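Report on the structure given below.
Nothing in this text is a laboratory measurement; each read-out follows from the coordinates by a stated rule. Quantities reported herein were computed from a predicted structural model and do not represent experimental measurements. Note that each Cβ is placed from the backbone with ideal geometry, even for glycine, and that neighbours are counted across all protein chains shown.
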Amino acid sequence: MYDGIVQELIDELGRLPGIGPKSAQRIAFHILQTESFDVSRLSSVLVEVREKVKFCEICGNVSEEVTCGICRDPRRDPTFICVVEEAKDVVAIERTREFRGLYHVLGGAISPIDGIGPDDLRIRQLMTRLADGTVMEVIIATDPNLEGEATATYLSRLLKTLEIKVSRLASGLPVGGDLEYADEVTLGRAFEGRRTVS
Amino acid sequence: MHVSSLSLRDFRNYATADIEPGLGSVVLVGSNGQGKTNIVEAINFLATLGSHRTSIDSALIRQGSDAAIVRVNLAHDGRTILLEAQLNRNGANKAQVNHANAKLRDFPRYISTVIFAPEDLMLVRGEPSGRRKFMDDLIIQRTPRLAGVVSDYDRVLKQRNTLLKTARVKDIDSGNLGTLDIWDERLVALGTEITSERRRLLADLSGPLGEAYEAIAGSDHAVSIDLKPSIDAPESAAAYAEKFKNLLETGRVQEIERGMTLVGPHRDDVEFGLNNLPAKGYASHGETWSYALSLKLSAARLLRSESVLGDPILILDDVFAELDSARRERLAEAVADFEQTFITAAVAEDVPPQLMTQVFHVKKGTISYEIPAHD
């Protein structure tokens, strides 16, 4: 234990995700001892980020304005909506530059253990967006784990009533990898989702 | 397969320990509390990613240390594989296979063990959960992919039970439980797969079990092994899934009342029969021992017949002291043809002499090899 404020700093840093007690201590001492480290810059960014960044009213992505850059962009194709769990997933899909449609961020996945049901996710907002008939296809890109799959199943049932194509991202082999190193579950899924080539 | 070298750092009571066991039986002798079982526990840990004595990994790390290291060289058919596991008190455990980073959960593909211990009596006498674990450990050893199925089933079960409990508290009527159907679907799919595998296991085990019992008890007592499923359905997977689904639907009100899932593989049991009576409640102490040993022996023989890695490594932890001399002799004979068998005993005299080929003495966390006497 360190005296007062130093320990407080370590404790606060340790509350952040992915930072254990040792990393927290290392960061705290970096802040304390490194002369070139600009504390005021960090603290002002921290305050600013909480003040400025909001969530897009349409899709739920992080945004500095009422709607996010993607929703405002006229070049995006409004007939496709890709449904993801978190804003981080939007960034991941954007990196591919393959998808030119719009997004919808749910804010998590259905998980009773964590107290998250459909009403805690932005599903109602999604249904509202789909109501005007612009959207032709909804691509469900929730995580390929139990909770993500459960959310995907729930959504696909909900959307069945609408005249909209619903698709799910494929599971399969990582590109550039070796077949022999794939685990059985992934390989099994790849077999299930195989495509006809001729 | 067999262990050609084992090295421990800060594991249980060992600061360091290194042994180079050979083929055949390897006997660890020492008074109670000296660390015999810790050696075999380390080997078993790599194969099962758990301990037969504790469910807390940190108990395996020596007091005052931050990490324990278990390093095992496995040999089979002239090939060797080096498995290294580092168990950390804080943070994730690390694993290497032949010096390349790997995942600890992949270790069971390289090493398999069958452990015989006094606790095995509870397989016959104890609660159903022990018998379910026996089955599930074996189906995972036969088909490693099923580890994911078993853990997914447990997770779906937890999610579903939480949902049922909240439904009860919030007093939602059962028609409104929109997401319950989704968990039901997963529960049925995963549960059906587990049940099919358990049935296949018991069918394949029944022949070897009869032979093993006869080998250990010295006589045929008409042993039988039957799944007592919580869902009584025909053998086919489709019929089982259908019945499972129906039971979940019809039992919904009751499940919400109780706040738990009332049917499924998590409520299965196995009935071990002996002379057409259930062994639980009818078998004598000696018969129960014979039964427990036969279950493990037949499991070992089944794994051997299917494995590409050769025999599983047998571990007989404090077993001989509990047996009468006739059972000792017959058990010694039954394990003699396995590639390698680790035996722990407090008193060397308890171990049949034909197994005393390699003896290590364990005292206060140090191990010394006894040079065999030649006559």
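Some observations on this one:
- FRET efficiency for A:Leu158 and B:Arg200, using Cβ-Cβ distance with R0 set to 45 Å, rounded to 0.05: 0.75
- With Cα atoms, 0 to 90° folded angle of helix A:39-52 axis to chain A main axis: 40 degrees
- Cα gyration tensor category, rounded, prolate or oblate, for segment B:95-239 with a/c compared to 1.5: oblate
- Sorted by Cβ density within 10 Å, fewest first, the residues A:Arg124, B:Arg131: A:Arg124, B:Arg131
- Integer Hz, Karplus 6.51/-1.76/1.60 couplings in order for segment B:16-23, x for Gly and Pro: 9, 8, 9, 9, 10, x, x, 5
- Around A:Thr34: net Lys/Arg minus Asp/Glu count, Cβ-Cβ under 14 Å: 0
- A simple rule links phi to the HN-Hα coupling: the Karplus curve 6.51 cos²θ - 1.76 cosθ + 1.60 with θ = phi - 60°, which for segment B:68-75 gives 10, 10, 10, 10, 10, 9, 9, 10 Hz, with x for Gly and Pro.
- What the Cβ-Cβ distance of B:Glu333 and B:Glu235 gives, at R0 = 41 Å and to the nearest 0.05, is a FRET efficiency of 0.65.
- Built amide H within the under 5 Å cut-off of A:Gly101, gap 5+: A:Asp77
- Square roots of five times the Cα gyration tensor eigenvalues for chain B, Å: 39, 26, 18
- Bridge orientation summary for the protein assembly as shown: considering DSSP beta bridges with both residues in this region, about 60 percent are antiparallel.
- Counting only alpha carbon atoms, the long axis of helix A:4-14 and the longest principal axis of chain A meet at about 10°.
- Under 5 Å, built H, 5+ apart or other chain: amide partners of B:Phe11: B:Arg62, B:Ile69
- Average other protein chain Cβ within 10 Å of Cβ, residues A:180-187: 2
- Each helix, a run of at least 4 DSSP H residues, gives -39500 (n - 2.57); summed and divided by the residues of chain B, these come to -13500 deg cm²/dmol at 222 nm.
- Using a Förster distance of 56 Å, the FRET efficiency for B:Asn32-A:Ile113 (Cβ separation, nearest 0.05): 0.85
- Likely footprinting exposure, B:His2, B:His361, B:His99, fewest C-beta neighbours within 10 Å first: B:His99, B:His361, B:His2
- When each of B:Lys165/B:Lys280; A:Lys88/A:Lys165; B:Lys133/B:Lys165; B:Lys36/B:Lys296 is checked by Cα-Cα distance, pairs over 23 Å: B:Lys165/B:Lys280; A:Lys88/A:Lys165; B:Lys133/B:Lys165
- Sparse packing (at most 11 other Cβ atoms within 10 Å of the Cβ) combined with a DSSP loop state is found for the following GluC sites (Glu not before Pro) in segment A:126-198: A:Glu163.
- With K and R counted +1 and D and E -1, the other residues having a Cβ less than 12 Å from that of B:Pro108 yield a net charge of +3.
- Label-to-label distance for A:Met127 and B:Met122 is 4.9 nm, based on points extended 7 Å past Cα in the beta-carbon direction.
- Against the main long axis of the alpha-carbon atoms of chain A, helix A:21-33 sits at an angle near 50°.
- Here the protein assembly as shown is treated as a sphere whose radius is the Kirkwood value from Cα pairs; by Stokes-Einstein at 37 °C and 0.692 mPa s it diffuses with a coefficient of 117 µm²/s.
- Extension reserve of the B:His285-B:Ser305 stretch, reckoned as 0.36 nm per residue once the Cα distance is removed: 4.2 nm
- Virtual paramagnetic centre 7 Å along Cα→Cβ of B:Gln354, amide N under 17 Å, in segment B:21-36: B:24-27
- Note on B:Leu82 and B:Arg109: the extension gain reaches 8.4 nm, defined as 0.36 nm multiplied by sequence separation minus the Cα-Cα distance.
- Where labels lie 7 Å past Cα in the beta-carbon direction, separation of A:Lys54 and A:Tyr181 in nm: 4.6 nm
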